[in-house]
Every structure is written in C-alpha cells, then in structure tokens.
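The structure under discussion appears below in the form of structure tokens.
The values are calculated or read from the model by the stated rules, or taken from the named source; none is laboratory data. Everything numeric here is computed off the predicted structure, so don't read it as measured data. As a convention, Cβ positions derive from the backbone with ideal geometry for all residues, glycine included, and neighbour counts pool all protein chains shown. Note: accessible area is taken over every heavy atom of the protein model, side chains too, but ligands, DNA and RNA are not part of it. Shrake-Rupley method; radii C 1.70, N 1.55, O 1.52, S 1.80 Å.
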Number of protein chains: 4
Amino acid sequence: MAGNSFGKLFQVTTFGESHGVAMGVVIDGVPPGLTLDLEAVRRDLQRRRPGQSDIVSPRQEQDDFEILSGLLEGTTTGAPLTFIVRNKDARSGDYASMQNLYRPSHADFTYEAKYGLHDRRGGGRASARETVARVIAGAVAKQVLAPLQLEINAFVSQVGSIGMAKPYSDYNLPAAEMNAVRCPDPEMALAMIAAIEAARRVGDTLGGVITAVVKGMPAGLGEPVFDKLEADLAKAMMSLPATKGFEIGSGFQGVTMKGSEHNDKPIGIDNTADGTRIQTASNNSGGVQGGISNGADVYFRVAFKPVSTVMQSQQTIDVDGNPVAYSPEGRHDPCVLPRAVPIVEAMTAIVLADHWLRLKTLR
Amino acid sequence: MAGNSFGKLFQVTTFGESHGVAMGVVIDGVPPGLTLDLEAVRRDLQRRRPGQSDIVSPRQEQDDFEILSGLLEGTTTGAPLTFIVRNKDARSGDYASMQNLYRPSHADFTYEAKYGLHDRRGGGRASARETVARVIAGAVAKQVLAPLQLEINAFVSQVGSIGMAKPYSDYNLPAAEMNAVRCPDPEMALAMIAAIEAARRVGDTLGGVITAVVKGMPAGLGEPVFDKLEADLAKAMMSLPATKGFEIGSGFQGVTMKGSEHNDKPIGIDNTADGTRIQTASNNSGGVQGGISNGADVYFRVAFKPVSTVMQSQQTIDVDGNPVAYSPEGRHDPCVLPRAVPIVEAMTAIVLADHWLRLKTLR
Amino acid sequence: MAGNSFGKLFQVTTFGESHGVAMGVVIDGVPPGLTLDLEAVRRDLQRRRPGQSDIVSPRQEQDDFEILSGLLEGTTTGAPLTFIVRNKDARSGDYASMQNLYRPSHADFTYEAKYGLHDRRGGGRASARETVARVIAGAVAKQVLAPLQLEINAFVSQVGSIGMAKPYSDYNLPAAEMNAVRCPDPEMALAMIAAIEAARRVGDTLGGVITAVVKGMPAGLGEPVFDKLEADLAKAMMSLPATKGFEIGSGFQGVTMKGSEHNDKPIGIDNTADGTRIQTASNNSGGVQGGISNGADVYFRVAFKPVSTVMQSQQTIDVDGNPVAYSPEGRHDPCVLPRAVPIVEAMTAIVLADHWLRLKTLR
Amino acid sequence: MAGNSFGKLFQVTTFGESHGVAMGVVIDGVPPGLTLDLEAVRRDLQRRRPGQSDIVSPRQEQDDFEILSGLLEGTTTGAPLTFIVRNKDARSGDYASMQNLYRPSHADFTYEAKYGLHDRRGGGRASARETVARVIAGAVAKQVLAPLQLEINAFVSQVGSIGMAKPYSDYNLPAAEMNAVRCPDPEMALAMIAAIEAARRVGDTLGGVITAVVKGMPAGLGEPVFDKLEADLAKAMMSLPATKGFEIGSGFQGVTMKGSEHNDKPIGIDNTADGTRIQTASNNSGGVQGGISNGADVYFRVAFKPVSTVMQSQQTIDVDGNPVAYSPEGRHDPCVLPRAVPIVEAMTAIVLADHWLRLKTLR
C-alpha cells in the first residue's frame, strides 16, 4: 500500500497538489445503504476553510466539492466514494519568488532530495491544502460511525504559551465552535485571539495544542499488537502537516506520577445494549488498555509547531547553497490551530471507522 | 494486513503469548546476501532481558533464540527469517490469584470485551514479553541498515520527575549503556537509580521518558502523505506497551515558540557520496520536513507511564463487578524504562529499514 | 486494502460507475521524473473504446480524460496520478426495462445479495466500462517499464470455435492491430469477423481467447511464495469482466505431456547489460520458474465467456421470483474480445510494473 | 505486504525451507473462541504427506506439528496462531549432485537471478514442501468456515491424457478419498494409477488436473473489482508449485458456446435462514457473477504440469553455462496430483475464510 492511503477496511486515498487542478479523495470500504448527509460534509469543510475569521488566512476558497462516484440517489452503494474539490484560488504567481530557494522549515529540500524535483507552487503535495480531502473523508467516517452515537470534539487548548488550565470535563466542548479560535473557554479564547493578532501584526506565527475527546466509546476498538488504537491515532495525527507531538491520557505529564496514583481503579461494569464498559475511578489511560478501548473517554493532545511561513525576511540558501534572504508573499495563517480542529476530528473519525469495521469481523 | 504485522517492505510479524510456548517473529523483506551477526542479536536481547541489574525484574530469562528459517550457512536468502524464543521461566501459578478480577490499568477487561475471553496467564499477548520479538527484528533491521552507517541511540532521559536538563548533544550517548538505568548523564543516572529503588521499597513504580537519536540519516526517508517518517515512528512507539506520548524535534515545548524562532534556517548543502543533506542553523524539526528526512539528526521522545503492577494492595472489581482487593505476586519491574531502551531502538530501526527499502524503489 | 486497489508498490485504485458521473483511477507509486506521453494513453483508450469498428458496440464514447493530480509540467512528481473520464453517453433510459428483474448471467443478483442494493444503470461498478480506468493505468505502467524495453503484445487467438492453430512465434504480433478483430493471422481474422457478424445478425454473442506475449523480460520478476508472477497475472486477468480461465506456458494442454518432454532444458546463459537470462531449448514454462521470470517470453491465454447481453428474449425472474421475459435494449458488443486486447495488455503492464518496483528493493 | 503472506483479514504467512529447520505458518485474523480440532489438521496433513501410497514419493515424513501460539486450553484467542513442522527426513546429501547446475524446469536459475544466491538443498523456499504450511492454514480455515456448512471437495479429474468424461454432479465426490489417486470415478482411478506406475517404471512423470467443488456457498462472497472471488481463487491456485492453469465454471470450453446457450437463466430464489440464493437453470458461471458468489456451486479446475524431477538423465548446463548431464537422486513423486488434492482444498478454504470475514464488515 502506497503512502497516500490510510486505513485497512475504511480506506482513504487522497490525491492532488495545492496549486494543481483539484484535491480529491477516494474512500473505499464505506458500508452500503448509508444516505449521505452532504450538508454535514460542507459544514466541516466550512470549518476548515481559510477566510472564515480574522485570525486565519484571508484567502477565499469555497471548497465546493463534486462527487464522482459511489452514490446512487444519495445513498452509498459499497462502491468507492470519490470527492474532488477544484483549486479555484490558486495564485501561482505568489510563489514565483521562491522558485530557486529552500524556504526555512518547509519541505522544498526534502521533496527534492527524495523525488529529484519539487512542485514549488505552494507546497504541492506537502501543502496543508491536502487536508481538505481528509476533512471530507472524516465527515463520511462520522456518518459511518453514526450507529455508535459517539461525540467527537476537538478544540484548541493552547496557543503559544496560553493554555487552558482546567480539565476538559469542566467545559462544554461544543461551545468551542462559538469563537474564532475554537477554544471552549471563552475568556481564554479572547486571550488566544489577542495573541494571534499580535503575532500577525509583526508578521510572526504561533503554534499550539489541539485536544480531542471522544465520548460514548464502545469497548473493543483497537487491534493488538501493532494496530493499537492509540498507535493508529498517533500515526493519523503525526501524518498531519505541522504536528510535532501526540499524547493520550496522562501523556507526558503522567510520567511523574507513581504507579499507585496513575492506575485507573475499576469500580463497576456498565452493561448496555451496545456492549459492556468498565467504570474506573480515574482515566489516566485515556480510554485504552492494551491498545483496545475500554469504554471510557478517549482523549489526546496534538502539538502543532508555529506556522513556518512568517511574513518577515528570513535568511536561507538557494538551490546552489548560496545565502539569500527570503520574504514570502501571499496570504497565510498566523496560527493554523483554529482551522486544524476539524482536521483532527476528521482523522479521529477515520481511525475509529476503520477499527469499528475491523471489530465487526469478530462478531 | 492484520494487527500483528508492521511495515510494508520490511515486514515484521510477531506471535506468542507471555505464558505460552514461545515468542516469535517472522521478518519478510530482508534483503538476500546479508551475513547475519547473531551475536549482535543476542546483545540486544541481553539488554532487554529481566535480571540484568538490581533495578529491574529479578526474573531470570535467558531468551535463547532458535532460527527456524531464512538463513543458509549464516546468510540471508530473501526468504522470510523466523526466530523463536521459548518461554522457559513461565510460572503460571503466580497468576492464579488474579483469575477472576480486572487488574487496574491492565488489559484484562479490554481483551475480554473484544475477544470474549482473555489469556490471564500474565497478560498473554498484551504482555511486554511480546517485545522480545521486536528486539530480534530490530537487531536484524540494524544490520539491514548497515550500509547507511547510522548511529541509533536511545537512552533514559527522565525517570519520574528526574529529568536531564541539557540537550542530547552535550552527552556521549553510548555511555548510557554504562549504568543500570541507561542514562548518559552519570550523576543523573545515580539519582534515577535511587528513585527507582525508593519506589521499589514501598512497592510502587515509576514512569519516565526515553529519548532516541539517529545520527547519520540520509535525506529522503519517509512517504507523504500518510506514511510520513514521524507518523510511522509515532505509530511504532505508541504500539509499545505502556507508552502514552510521542514527540519529535521541538515537540510539545516547541508550541511556545514563535515561527521566526522555530524555523530551522538553511545554511548550507552537504553533498556526499551517499547523498545530499541540508545544513540548518537549528534542528527544531527533528530531522524531518514534510514527512521526509532532511539529513539532520532525527530525535524524538517517548513517554512511558509508571508500571501498572504495583506491589501494594489495590481496590478493583471482579468479573461480576464486585469490589475486591488485588495484591499481585510474581516478580515485576519497578520501572520499565531501562529495559525499554533497546526496544525503542529496535522499533526505530524497523521503521528506518522499511523506509529505506521504500526509497530504493525510486532509485 | 480494499477491493478496488491492485498492486503493492505500483498501486492502482479505480472508481466510478458506468452510468455515474465519471470513471477514474488513482495511481500511487509512479516513479518521479517521468515525462508522460499522453498520446500513448489516448491511443490505448482509442483501442478500447466502442464504435471503433463494425464488430463492436456502436456507442460513441470519446473517453477524453482529465488529469487531476500528479503531473507538473508534464512530468510525474512522485505524487499520486489521477485521471478521470466523464461518462458522456450514458443513456440510463436504455436500462429502464430491467429495473426489477435479474438479467441472466449478470451481477444484478449478486450485488443485491452483497450490498443490499444495486446500481442498475448499466451494471454500475460491475460494468466493463470500469476497464477504461485500467487501460489508463496500464498505459502509465508501460511508460514506467520503458527502461526494460519490453514488448507486450496481446491479440485475439480464438473467437467461438475459430482458433489460431500455429504457435505465436509464427506471427508478426503487432499486425494484430491491422484488422478489426485484432488477430495477427489475417485469414483467421476474416473468419472471426464473419463469425461475429453472423452472431450479431441473430442477436447472439461469442466468446474467445486472448493470448498475451511479453518479450524482452528480465529475469527476477515475481515474489515467492504467494505473489508469484503467474499468480499475480492470473489474479489480474481473472479480475476482468467475463474472464473464465487463465493459463500460462503449456497450460491445460501441458498436462498431457510427460515430464521428460515438458521440461525446458537449459542450453546457455545470456549475460547482458540489463541482467542475466537463461536460454532453454523449449519454453513450456511460459517464462517463469518458481514464480520468478527467467528471461524467456512470458505468454499466457485468457478465456472470455460470450457476452451475457444477447439481443434476444430470454426467460428470467423478477426480484420477487416471478418468471418474466427479458429483452435488452441499448447497444452492445456481440463479442468483447477485440476491445479486451488493450485491457489485457494494460493489466499485464500493471503487474509487471509492480514487480519491477519490488525487484528494485533487492538491488 | 511481502510475498509470503496471503489474505487480507484471514492472513496466512508461511516460512521455512525444504531442508531447513522447520516449515511453519502464522495465521492472523482467526476469530476468537474457536475450539480447534487438531485431529482434523492432522488428517489433512496425512493426506498431503509422502509415503501414503505406492504412487507417491516413498519418503516417510511424519509432519507432526507443534503449536507455538494462539491457543489457550485448545481455544483460539484472537491472537496469531503459529504452527511449525520440523524437517526430520531432510537428506541434504541427496542434493549434493546438483550443487553447480541448473535443473531443467526448476527454480535454481531464477532464485539465483533474483536473490544472487539459492538454497539448493532441495529447492529451499521453492520446494513443494512449503505447502505443508498451507495445508495447516487451510485446515484452520475450514474450521473458521464451519458455521457456513460448506462442502469443499477437490479431486483428481485428469492424469496425463486420462480424464473423467462426466460432470462432477454424476459422482459422489468424497469417494475420491477411497483410492490412492483421489479420483471419485473408481474405474478411471485404476487407469490413472496404472498410468502413474507406468511412468514411474521408466523414470518419467505425469501431470494432470484437479477439480474443486464448493457446495453450500452463501451469496455475497467476493469483492469487486480486483478482489473478485474467482480472481483470488486464481491467484491462490497459481501460487501453488507446478500449476499452469486455472478455469472456473465453463472455463476454456465455454468460449465455444453462444451467449444464448452460456447464460444461466434464473428460475427462482431460495430464501433461507443463512441468506438468499438465486436458482439458475445451468451453472456455466461456476457460482460467481461480477466477482461475487451467487449461491450456486463454485467449481474450478487447476492444471498441474508433470513433475520436473524425472528419474532419467537430462541434458542441462552448469552455472558457468557448460553442458552437463543431470540425473537426480532422492525419492520423488511420479505424479504430484494425489497429494495436491488437500492443498487445493486448503487454498480454497483460505480464500473463502478471508472473504467471509470481509463480508462480515458489511453486516
């Protein structure tokens, strides 16, 4: 399986370059008979698109999709589902200035080293625009998962040094959608927005952390020993542009705890129509034991580095190794976090849909 | 591909349960004509085995392997290479006490929820004993990678709250092997060992962080967009028992930096016989851009939770949901970190070998 | 990997239904730096399309493709290559008559049994129209294989009971393209054409055999033990619509020979710049030994059943099990063989490209 | 996925060389909770082993297996199941004579061309001994399929030029086990045995055809468009040593029929507790339409070439290209067909188990 496909039973293949004709996705393994809610797909695309608020890139991309295959009168047929989104607002001219240099912390050099050539029109395949295909696939995955009645919520929990102090359970997570930065804490959101605007004013950029929480998990998702649920989630998140870290449950903080504190003591069993869950006094495990979900909330955090394209002059080298100054043109995000929230949700849903189909083979 | 296989071209399949007949591994995709250094395999197994020092489990497992296939007069043939290690010291009796309860933060419940039954003889497939197979595969992977002359070094950088303060470049990394805890800072190592012994005395356990560093990386390893090098490394690490987090390069700390600081400015190009590398003024990226290695050191950190088996009485429930007290017997590690160092190296080598073979298809 | 993908390193994923929006293909694993000859792609599509002669379906489909991704100024980049062909001439009305019945020897029932619903607009995913995507992928595969200077020639060797008597080596194989039925024996071609026309006049259909020959094979292609070259060729051919048999080398006839006759005695070794080939006194093996090519011609035969859509009234049942008479409308091929020739070549090239890339990992 | 694995959900990986330590198989994807009938595994191995009758190789191999993993008190756990069979009767000495030559129609040259070296001790990985691992996996697959109550019967339908004239429905297929050649027609069996003995007396060998029939098929097995049931069966059969052809249903004979004759007219629908089947007046399709089973018998034929090792002096070349005479030693089968019957059944069961698990993901 080549590198542009993800998943074993719910299999997503993306294609397209940022300044090529179109971005697209083939989704194979969608169960038949699902009446697809295309408005839901559009809503997630809308959450990802630039231009939706003052703190993201002002580019206006509509991201209207066309469905090429897999639907019959609005219903899935078991055939591969293909969506494309044409690249309307691609100003290649913006990128002329960088034709012969290596942008700092971009993939220009590595693509060239690997492939012998590189599509410099805005990052080509390395561009975050590729995630438009993932958001579509994620919106489909959410609908595949509908029978499980999961709640998948991602939100911005940190921007630069400004982070939420309280645990996620203290917040109404869907409220994150009510502000531009997608943080469920309204006051913290204001501080984050201010920080992003301050960074933008000086042509700089910020990173941050997105937290994702899945409530209503059934027990049994995840496949030992390599395709553990947290392993596939980690791969999914670390395959996103700009991500530098993943932690689940207690994560890096948990290493300072003693085993006697960290252990999640079982206190009861919850037998419901849709399966059995164990109840524990704490959830440092993040909802997984031995790579398999136990029914508690799955929650994890994803670190995003600050955007590499800063609107300042930076020192770099050209393709011959000579020092040059590089000042980008174009319209860029000072902070990618708000737009990455639906992308994190999408990859989460894709992983869960794949593992749910895999679980079915045991039933 | 089922959940017990890892890799696409260098493909590792592990089998065996902790208290079953044997642990084993089939490695498919090993290039032919490689004279295998079996002593090197034994050395890595020796580094992983219990009983090697005072701060790990006192169990005495020799872990002698038998090679069942793939070698002809000591040389690989292109056929799958199979190693097994028989389970000699499996005292099932130690586990009798836990037959009908769910151990806190163990996989007893989740295996039962998924498979309808669970091998309670010491964790079955969920046991860390499974990693003996990974260490063997990793030792083979290192030999496959020999032409690249990489240096792969993992070491313990944090135990509980005791962490190394200085960057890895300030240390002689192979010196980590000179103390029981495998930390390259000798003073810090003493503190870590003392902490582990203190925890053990009270029947408690500690977690920590392992850092891995790969020097001598060629540019070009990693496959956009899903099989990025860091994505596959993250999956590899998060598929290990007890891991809760992965970060590469600047990781979670990097999110507090500005883009202008975080960017790794190119300063030169290094053309050598074995390829081209870019030189950068910093390496916040951890040696990857766009999912592809750039030739700088690849370094990452892996969080391990404290060992779940604490030698204290803990409250839990039995399979009927009734509260019971659980006090484990047997011989367990108060801190798994020292023995996990060769395992992290092994999974690193497996990922790199797979991506090196994948790179060859482009040449 | 889901069922709409084929190949491990040269990976082809097709999508689209016969009466949907478009047919398409994503090709992942195409080596970078290949300047794609799009005219060659068009030529192969032209050979597959209906309306090209009097003995095939008179439908006029232009099959103009659009490239959505993977090309930069005409050159492959290592990114997935996506082609689509819109379905212009889809007359769904032609299929209204069959909405509630099961056409004899069609996939109506089986799709319904499997998926719970079926796209009856002309076969949906089961339609031979899907092969337009394979022909495109095959044309790309041929270009990937260009350095090997293979000659891949398929031709019609039998129509109904009219078959070529002489071995393929007695013919100029490319001359098959000079007549409508694609048989390299001009006299036999006339007889075949006459038979097809006779069948069409009475509303009936014919089957036949396509033979494929690959000259210039390097030794070493094919992967024991399951991905043998002949195993992958067999799968490729048997995944085509209407195929009922595959044989390589001496095939079913060879079973009547004695071992002493059948054995291909080696007579010399041919060392050339592009590798070593063995020379044998005969080639009953069809160019493979132990699943690996030996450098001799790879040749095989594929049986196609007569087209299921006959222009006669046939007895069948409706979805409730009641007997009904079925008379198809629309425009159909009386014999699919001539148009299947480029499809067989395409699948051959796809298999060979995949195995060539796999061989590279050993070098 | 490397070449020594087969199947997507029921995944079989074989390892071992004919004159190495052991043959073995890892089976991943076996559903948990299956109490394995090990006697049934032994019975199938017994049917495959040499020395079971006068017309096969007189080697005495007991093929006792050891189970290394995956069973807990006789029951599958969802963990990979591993069996090994040690190679007891491996007389490497027998093969000393062929160390430096290329045996006619063997894989000596091709392995050397591909891998740069070759295990000449009896064929290494190319030896038919590898099929011992497949028979074990097939015996497990049959038990996985038990709920479907299929009847899988393979039998020898042709040896050399002696073939059964009547359709399979005229015979009691399990009766094939009552004679040494495994042909359900007792008179024909005598003729076949006589032919094999005659060939053996002159040191020659015979090929033949094995027919397989699966009764009780549910509708719905098979995955368009590449993983069609017949495509996966074809690959499975063509991955066996010595196979040169595969045909399903009417096969190569069917190409001489008219479409109006060949079509299988539906005559009724059979609704049962375990699904719906269509009833047709004929079964030229061999139980598949559009790559998916329709509930009719799946039947197919597999061509085996005559055994390459003839007990006569043959002309060949040594590794330097010089002509030499080659006379094999050792104990070989004059006709491999009788022993190949359980192997064909095993591969059939493996394909069906894989597709049954895949079907479950749609339910």
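Could you check, for the stretch C:43-64, whether at least one of its residues is assigned to a strand (DSSP E or B) and either more than 21 Å from D:G222 (Cα to Cα) or among the charged types (D, E, K, R) (or both)? No, the stretch C:43-64 contains no residue that is assigned to a strand (DSSP E or B) and either more than 21 Å from D:G222 (Cα to Cα) or among the charged types (D, E, K, R) (or both).
Every condition in (1) of a type in the set (A, V, I, L, M); (2) surrounded by fewer than 17 Cβ atoms within 10 Å (Cβ to Cβ); (3) under 17 Å from C:V209 (Cα atoms) holds for C:A175 except the one numbered (3).
One line per residue, one yes/no per condition, for (1) assigned to a helix (DSSP H, G or I); (2) among the charged types (D, E, K, R):
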position: C:S169; (1), (2): yes, no
position: C:A176; (1), (2): yes, no
position: C:A180; (1), (2): no, no
position: C:E187; (1), (2): yes, yes
position: C:A191; (1), (2): yes, no
position: C:A195; (1), (2): yes, no
position: C:A199; (1), (2): yes, no
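Looking only at residues in the stretch B:211-244 that are farther than 24 Å from A:T256 by Cα and of a type in the set (A, V, I, L, M), the one that is farthest from the other protein chains (Cβ to nearest Cβ) is B:V214. Within the stretch D:297-314, does at least one residue satisfy the condition of being within 30 Å of C:Y111 (Cβ to Cβ) and surrounded by fewer than 20 Cβ atoms within 10 Å (Cβ to Cβ)? Yes, the conditions are met somewhere in the stretch D:297-314. Criterion applied to B:K258, B:K215, B:K244 was being in contact with a Gly (Cβ under 7 Å, 6 or more places away or on another chain) and of a type in the set (K, R), and the one residue passing it is B:K244. Pairing residues of the stretch B:341-363 that are at negative phi and at pLDDT below 95 with residues that are open to solvent by 10 Å² or more (accessible area, probe 1.4 Å) and among the β-branched types (V, I, T), at Cβ distances under 7 Å and at least 6 apart in sequence or on separate chains, gives B:K360/C:T361; B:T361/C:T361.
For the stretch A:178-191, a residue qualifies if it is open to solvent by less than 10 Å² (accessible area, probe 1.4 Å) and either in contact (Cβ under 8 Å) with a residue 60 or more places away in the chain or of a type in the set (S, T, N, Q) (or both), and exactly one does: A:V181.
Given the options D:V30, D:V21, name the one that is touching a helix residue (DSSP H, G or I) at 6+ places or on another chain (Cβ under 9 Å) and more than 25 Å from D:A194 (Cβ to Cβ). The conditions single out D:V30. Take the residues in the stretch C:234-265 that are among the small types (G, A, S) and part of a loop (DSSP other than H, G, I, E, B), then tell me which one is farthest from the chain's Cα centre (by Cα). Among those residues, the one meeting the criterion is C:S250. Does D:K235 satisfy the condition of being surrounded by fewer than 21 Cβ atoms within 10 Å (Cβ to Cβ) and either more than 30 Å from D:L150 (Cβ to Cβ) or not hydroxyl-bearing (S, T, Y) (or both)? Here the answer is no, as D:K235 does not meet what is asked. Residue pairs whose Cβ atoms lie under 7 Å apart, separated by 6 or more positions or on different chains, with the first residue in the stretch D:319-339 and farther than 17 Å from D:R47 by Cα and the second among the acidic types (D, E), are D:V324/D:D318; D:E329/D:D94; D:G330/D:D94.
Is it true that some residue in the stretch B:130-153 is within 14 Å of chain A (Cβ to nearest Cβ), more than 15 Å from B:R43 (Cα to Cα), touching a residue at least 40 places away in the same chain (Cβ under 8 Å) and outside any helix (DSSP H, G or I)? No.
Rundown of residues vs (1) buried (at least 24 other Cβ atoms within 10 Å of the Cβ); (2) modelled with pLDDT under 95; (3) not β-branched (V, I, T), yes/no style:
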| position | (1), (2), (3) |
| --- | --- |
| D:E261 | no, no, yes |
| D:D270 | no, yes, yes |
| D:D274 | no, yes, yes |
| D:S285 | yes, no, yes |
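For the residues D:I196, D:I210, the requirement of being buried (at least 24 other Cβ atoms within 10 Å of the Cβ) and in contact with a Cys (Cβ under 7 Å, 6 or more places away or on another chain) singles out D:I196.
Look at (1) open to solvent by less than 10 Å² (accessible area, probe 1.4 Å); (2) modelled with pLDDT under 95; (3) more than 18 Å from D:I343 (Cα to Cα) and you find that D:T82 fails only one, number (2). Selection of first residues in the stretch D:37-59 that are farther than 30 Å from D:T75 by Cβ and of second residues that are hydrophobic (A, V, I, L, M, F, W, C) and open to solvent by less than 10 Å² (accessible area, probe 1.4 Å), restricted to Cβ pairs under 7 Å at least 6 apart or on distinct chains, gives the following pairs, ordered by first then second residue: D:P50/D:V56; D:I55/D:V181; D:I55/D:I196; D:I55/D:C335. Mind checking whether some residue in the stretch B:91-102 is outside any loop (DSSP other than H, G, I, E, B), at pLDDT 80 or above, open to solvent by less than 30 Å² (accessible area, probe 1.4 Å) and not charged (D, E, K, R)? Yes, because at least one residue in the stretch B:91-102 is outside any loop (DSSP other than H, G, I, E, B), at pLDDT 80 or above, open to solvent by less than 30 Å² (accessible area, probe 1.4 Å) and not charged (D, E, K, R). Each residue in the stretch B:1-30 was checked for being in contact with a strand residue (DSSP E or B) (Cβ under 7 Å, 6 or more places away or on another chain) and not in a strand (DSSP E or B), and 10 of them qualify. Out of the stretch D:50-79, which residues are open to solvent by 30 Å² or more (accessible area, probe 1.4 Å) and among the charged types (D, E, K, R)? Residues satisfying the conditions are D:D54, D:R59, D:D64, D:E66, D:E73.
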